[in-house]
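One structure is given here, and the rest of the page talks about it.
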Amino acid sequence: MDLSQILEITSATDPGMVRSHNEDSIASDPANGLVVLADGMGGYNAGEVASGMATTVITTEIAQVLSGVQPYELDDKNEILATRIVREQILKANTSIYQAAQSQPQYSGMGTTLIVCLFYDNKVMVGHLGDSRVYRMRDGKFSQVTRDHSLLQEQIDSGLITAEQAKTAAHKNLVTKALGIDPTVEPEIHEYDSLVGDIYLLCSDGLCDMVSDEDISMTLSMLGGNLKLATQQLVQMANDNGGRDNVSVILVRVLKEYPAARGVMSKFFAWLK
Amino acid sequence: MKSGFWKTDWFFGLVVALLLLLGSNSDLLQSLERKAYDMGVMASSRTPLDRIAVIAIDDASIANLGRWPWSREIHAKMTDILAGAKVKVIGNTVFFTEPQVDPGYQYIVKLLAAAGGNAPVAPPAPEPVAGAPVQADASAAAAAPPAPSGELGQFIAILREAEGALNTDRRLADSFERARNVLLPMFFTLGDPRGKPDKPLPEYVTRNAIAGAQGAQDNLPLPTSAVQVPVEPIGKVAVGLGHLNANPDVDGGIRTEPLVLQYFDQFYPSLSMMIAARSLNLGPADIKVRLGEGVTLGKLRIGTDPALQMHPFFYKDVDGRRAFPTDSFFDVYTGKIDASKKYRDKIVLIGATATGVGSTAVTPISPAMPPVLTLAHSVSSILQEHFFVAPTWAWIVEKGVFLLVALYLVVVLPRLAAGPGAALTAGILAALLVTHFVLMTTQALWIQLMVPCALLVVGHVALVTKRFMMTERAKVRSDESSAESNRMLGLAYQGQGQLDMAWDKFRLVPVSEPLMDNLYNLALDFERKRQFAKAEGVFRHMAGFNPKFRDIETKLSRAKQLSETVMLSGGGGGKTNTSILGDGGSVEKPMLGRYQIEKELGKGAMGVVYLGKDPKIGRVVAIKTMALAQEFEASELAEVKERFFREAETAGRLAHQNIVTIYDAGEEHDLAYIAMELLKGGDLVPFTKPGALLPIDKTVSIIARTADALGYAHKQGVIHRDIKPANVMYHLESDTVKVTDFGIARLTDSSKTKTGMVLGTPSYMSPEQLSGQKIDGRSDLFSLAVSLYLMLCGKLPFEGDTMGRLMFRISSEPPTDILTLNPNVPAGIVAFLDRAMDKEPANRYQTGEEFAAALREAASGAAQSANEPATSVDIQL
């Protein structure tokens, strides 16, 4: 079914105040309910190649897969197809980037963080690698959906440092997982229910390093009625606080319920909508 | 995300539908309906009524009978002829609305009066206004008193004769009266009357009016404001009068026949109606009008539109024959056509068809039809009930279909992709057209479906155009981003090794500096894979942007040269062992699988052997290549490949000090390859030439070790099938023996296409192998014994001038006695050879181990006994 009238999607990406290149890349496919955000890393221009390849390959391939199957269907192992689609396409992108980095010297060592959100059947499948994040605003409550794959997060998890100390930690940007660095990768993929009125925020670390969660939350609750404005405001806030890194923001609001059309009649009505 | 609803497809469809609805009564769309109606009429076929005949006042008649208008005497004479032929009804479409007065007639009358001949009163000048022109009763002359006698009497008689001859109206009236079956036309002026008629119509006209009408009074026939009727003497004797008005459509075409016209408060039938009635012996009283619905004539019910207009059928000419028999007036007049035979009991219609006489009209089947023929079609339509009906419910159907089409445009079409949408629209259009024509041709129903059709076509085209323009705009907007994503996809494909798809994507991207780097890498990848033609394509693409980029000038020229020499030979039919290495070594080192090709080692039967290097682990290997695609037919290629890899896998399992180790097998494009241990030295072929033979103990040692290796392989279930000196590698300095090419023989073994190659060296084959039986390890041992024989004496045990002779010798004759070739071969070895080359496998040594042990024993026994003479021979030499 076409989700473009059900999800309101706005996005912005900005090189920030310090860097000349924007190594972030964002993509969305509203009809298929897909948003992708990647934050590239690597030498001369290679980061933007990695993130660009990630978003392009994943949106293209998933759109192609979804033209033939429905994400809510189950596969032969009783696994929901969306999980498999997201995982397989992340792996495919990983191979592509890794091989490109291997075969072309100017791209060697490139990699990227990745967020993939696929909306279907009143649910959202979130796959991620690295320290780009997904937040959710629901009923005025702001919470982080993904857990960073970063050294810092692992230190917090293992009790080595507290969340307070983490805010001032030196090695903030060391990620433990990324796309395109190794021949194989294990993305973290989870499924969440989504409700009407939810706002999902996908951002690169350029936002969450520069702007505190409280400020983001406040901005969303104040400007939640106008997503476009909220997007611009978030980017502006990151730049006002220094804008040391590229900043990318995608906001997705669920406007209506979107249960999967399973019966013939509901499929017909879904088609008419 | 939101856009104004006025940009949506459904709104667009709605606007188009409304526009079409407003324009549905416009001239444009109505003429479409009319055209469709005409085509429907053309497509229908009915048989015309054969009782109708037409007498045409054609050009020939006018040429022969004088200038038009004719004297009414001619009409009178014709009426007499037809009356004599007993025709059923005569319909004369010539208007007799004015008296015909010869200029001399008045003087004749005056003279007659002066002479006391009691001449009739001269007719006054005809009145131009509507209403019956009053005319004196010319027939009064007939009742003149008896003529005076004498000269005056004679004179008066001449005058009377002249009067009688010149009063053509009276002649005609007499003739009509005698015939009693002539119907004449009247002509009404269509239009709303402003007040009351000037004067009431004469009785001979009003008696033709239809008596009463049933039905709703809001559906009245076409109103008229004036009428021209035949002059009284003629009109009075006509058996009936009917109007000959046509009501052409705006395009001048006649598709309707007003059956009834309203003249103030009276209804007058059409001439066609009257003729039809008369032919059924009915009169005006039998014509019943149902207002808004139709007209009933006796048992005939004629459906009409609300204004009582019939859609007559127009009969096509069949096989070049006219729908109604038409004859020239002149031919009938002169008796050339036998009227009594041809027109008996027929309905005869007389009218002008000559050019310049009367007005022609456009009808569905003809661009210029004279009124008399239109009348004929109408009469036939009425009498046979062949007419098209636009039923009252047609309006509902037409609007319903229009609404459905509008719904289709608003609801369905915007949701369809271009292809299915076009197909569905075409389908609906075809359905509408077919319905229209089928209803017309079979049911004679006219439902106006052209407006919905037009809506469908216009709406579809408009929607498609709108979409096209919208996507065009979106395309311009997205071109930049899609270029970037194409570049990324290209990189991704290149990373996955799908160079062709990568090239497809890169080609879509406008060339820029960063892209040049990507393209350069792609071209190098193509070179590494030996696809020089494609590399050349990439270089050429790059040169279009910047011919000085890095070294692409030289790359381009070299790739071009290589693509012409190397790749073209890959198409089949070329030499199978063409080198993949270009000259000059300036090419990027070619890759075969994971191996870099360093140099060419030699050329084998099926392909080139290269020295290769695995860059990852630095191992140097020999790579044996086989151009399978060139060796085998495409149909068996897949099977051959599968067998090749199965055999390579089997051979790869063999680990023996005397067997060449296989590292890897794979295929790249048209080349299959096996990477194996790189050996020093060469094969045994050089040591088989007389004069270059190895000492006997050396030979025995080599063959015995080979037998060990074969014994091991046979235990693993692997049969070599092609044991010969060329397949045993030997390094003299280190004294190492290695058997090579396990399994490859199997590949060529069953090849049907290259039989000649298999039979090229059957010298080493065992009898059972030669006869195509299933073979086992003992066959390999036979071949090994043949090799031993050859290495001992420099000659093959079985030789023959022809292939047949050779095969016969192998299968049936004992080998040449080795002692005749080399008398120094010890007796033990001679005996060993005899057993090893026995025709019957069961009599030979059964395993490699047994073979090796027996050989060593035979050699050692021989060495002890023949030690002395052997050394002495050496000394002598």
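The values are calculated or read from the model by the stated rules, or taken from the named source; none is laboratory data. Since this is a predicted model, take the numbers as computed values, not measurements. Cβ coordinates were reconstructed from backbone atoms using ideal geometry, including for glycine residues, and neighbour counts include every protein chain displayed.
Residues considered: A:ALA93, A:ALA100. Of these, the only one that is modelled with pLDDT under 90, within 12 Å of chain B (Cβ to nearest Cβ) and buried (at least 23 other Cβ atoms within 10 Å of the Cβ) is A:ALA100. If you go through segment B:506-562 and keep only what is assigned to a helix (DSSP H, G or I), within 14 Å of chain A (Cβ to nearest Cβ) and more than 30 Å from B:ALA672 (Cα to Cα), you end up with B:LEU508, B:GLU513, B:PRO514, B:LEU515, B:MET516, B:ASP517.
If we scan segment A:5-21, do we find a residue that is under 23 Å from B:ALA417 (Cβ atoms) and either in contact with a strand residue (DSSP E or B) (Cβ under 6 Å, 6 or more places away or on another chain) or more than 9 Å from chain B (Cβ to nearest Cβ) (or both)?
yes
When we screen B:GLU484, B:GLU480 for residues that are within 12 Å of another protein chain (Cβ to nearest Cβ), closer than 23 Å to A:ILE62 by Cα and modelled with pLDDT under 85, the only hit is B:GLU484.
Where residues in segment B:362-379 are farther than 18 Å from B:MET39 by Cβ and touching a helix residue (DSSP H, G or I) at 6+ places or on another chain (Cβ under 9 Å), which of them is surrounded by the most Cβ atoms within 10 Å (Cβ to Cβ)?
Ranking the candidates gives B:ALA376 first.
Meeting the requirement of 2 or more residues that are among the acidic types (Asp, Glu), the helices (runs of 4 or more DSSP H) wholly within segment B:1-109 are B:27-43, B:72-84.
Within segment B:136-163, the set of residues being surrounded by 15 or more Cβ atoms within 10 Å (Cβ to Cβ), modelled with pLDDT under 80 and assigned to a helix (DSSP H, G or I) comprises B:ALA138, B:SER139, B:ALA141. Can you report the number of residues in segment A:237-266 which are over 20 Å from the mean Cα position of the chain (by Cα) and crowded, with 22+ Cβ neighbours inside 10 Å? The qualifying residues number 1.
Being modelled with pLDDT under 90, of a type in the set (A, V, I, L, M) and surrounded by fewer than 19 Cβ atoms within 10 Å (Cβ to Cβ) is true of B:ALA394. Of the residues making up segment A:103-135, those that are within 11 Å of another protein chain (Cβ to nearest Cβ) and buried (at least 24 other Cβ atoms within 10 Å of the Cβ) are A:TYR107, A:MET110.
Going through segment A:8-17 one residue at a time, which ones are touching a Ser or Thr at 6+ places or on another chain (Cβ under 9 Å) and hydrophobic (A, V, I, L, M, F, W, C)? A:ILE9, A:ALA12 - these are the residues of segment A:8-17 that are touching a Ser or Thr at 6+ places or on another chain (Cβ under 9 Å) and hydrophobic (A, V, I, L, M, F, W, C). Within segment A:50-70, the set of residues being more than 12 Å from chain B (Cβ to nearest Cβ) and over 16 Å from the mean Cα position of the chain (by Cα) comprises A:VAL65, A:LEU66, A:GLY68, A:VAL69, A:GLN70.
Residue selection: B:LEU429 satisfies the criterion of being more than 14 Å from every other protein chain (Cβ to nearest Cβ) and under 23 Å from B:SER44 (Cα atoms). All told, B:ALA462 meets the bar of being more than 14 Å from chain A (Cβ to nearest Cβ), more than 16 Å from A:ALA101 (Cα to Cα) and surrounded by fewer than 22 Cβ atoms within 10 Å (Cβ to Cβ).
One line per residue, one yes/no per condition, for (1) closer than 19 Å to A:CYS117 by Cα; (2) not in a helix (DSSP H, G or I):
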| site | (1), (2) |
| --- | --- |
| A:GLU8 | yes, yes |
| A:LEU37 | yes, yes |
| A:GLY52 | yes, no |
| A:GLU61 | yes, no |
| A:VAL65 | yes, no |
| A:TYR72 | yes, yes |
| A:LYS77 | no, yes |
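Evaluate the following for A:GLU186: is it over 23 Å from A:LEU255 (Cβ atoms) and under 17 Å from the mean Cα position of the chain (by Cα)? Considered against the rule, which asks whether it is over 23 Å from A:LEU255 (Cβ atoms) and under 17 Å from the mean Cα position of the chain (by Cα), A:GLU186 comes out as yes.
Of all residues in segment B:20-34, those that are surrounded by fewer than 16 Cβ atoms within 10 Å (Cβ to Cβ) and free of Cβ contacts under 8 Å to residues at least 12 places away in the same chain total 4.
With respect to (1) within 20 Å of A:PRO187 (Cβ to Cβ); (2) within 12 Å of another protein chain (Cβ to nearest Cβ); (3) among the acidic types (Asp, Glu), the lone exception for A:ASP39 is condition (2). Selection of segment B:326-365 for residues being hydroxyl-bearing (Ser, Thr, Tyr) and modelled with pLDDT of 85 or more yields B:THR326, B:SER328, B:TYR333, B:THR334, B:TYR343, B:THR353, B:THR363. Return the residues of segment B:487-503 that are modelled with pLDDT of 85 or more, more than 8 Å from every other protein chain (Cβ to nearest Cβ) and farther than 13 Å from B:ALA535 by Cα; say none if nothing qualifies. The answer is B:GLY490, B:MET501. The single condition among (1) surrounded by fewer than 23 Cβ atoms within 10 Å (Cβ to Cβ); (2) away from every other protein chain (no Cβ under 14 Å); (3) in contact (Cβ under 8 Å) with a residue 24 or more places away in the chain; (4) touching a helix residue (DSSP H, G or I) at 6+ places or on another chain (Cβ under 9 Å) that A:ARG138 does not meet is (4). Taking segment A:146-250 as the region of interest, the helices (runs of 4 or more DSSP H) fully inside it that hold 2 or more residues being touching a residue at least 12 places away in the same chain (Cβ under 8 Å) and closer than 23 Å to A:ILE90 by Cα are A:151-157, A:205-208.
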